[in-house]
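**Q** First, the structure itself, so that you have it in front of you.
Read-outs throughout are calculated quantities, based only on the coordinates presented, and are distinct from any laboratory measurement. All figures in this text were calculated on a predicted structure; none of them were measured in a lab.
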Amino acid sequence: MTQDIRRLALTLLLVVAAAIGGAWIGGRIFSPPARPHTEFHQQLYASLDLTAEQRQSLEALDRDNSKEETYQRERLRIANRNLANLLEHEDAYNENVDAAIVEIHSAMNNLQVLTIKHLYAMREVLTSEQRTEFDRLVADTLREHAK
């Protein structure tokens, strides 16, 4: 009987550690600090030789995107806090914990989709030559975040 309890306790400990680790990693991947975002835009604006009209269009796209991005980031933070609270108070993996994990993944997915759609909208403002440089900058930035 004590062997079964030890196995159950070990399993629960591993589940909790995996959930916390997954939430932490997900938060780090999909919630990068504002500084790299700012640096990306500065690099983008500096290297693409934008016209005044293009700059205005890109700034308008950023303003339009900002509200939804803020909402999705807050949704992700709330979902992570909810999971943390559940892990602190639930004795076993259950449907509440499962639902909290699904909510985190949903929020991360929505944020990623929003970001990619925003990048494609930005891309439409650019000339063919600028798009080549833009694509390289985006790919390099994603690679950097993947390290």
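**Q** Taking 0.36 nm per residue of sequence separation and subtracting the Cα-Cα distance, how much length would be gained by fully extending the chain between Y120 and E68, in nm to one decimal?
**A** Length difference between fully extended and current span is 17.1 nm.
**Q** Let me ask another. Read phi for every residue in region 117-132 and hand back ³J(HN,Hα) as whole Hz from Karplus 6.51 cos²θ - 1.76 cosθ + 1.60, θ = phi - 60°, with x for Gly and Pro.
**A** 4, 5, 4, 5, 5, 4, 4, 5, 7, 8, 6, 4, 5, 5, 4, 4
**Q** Length gain on complete extension for the stretch A52 to Q3, per 0.36 nm per residue less the alpha carbon to alpha carbon distance?
**A** 10.5 nm
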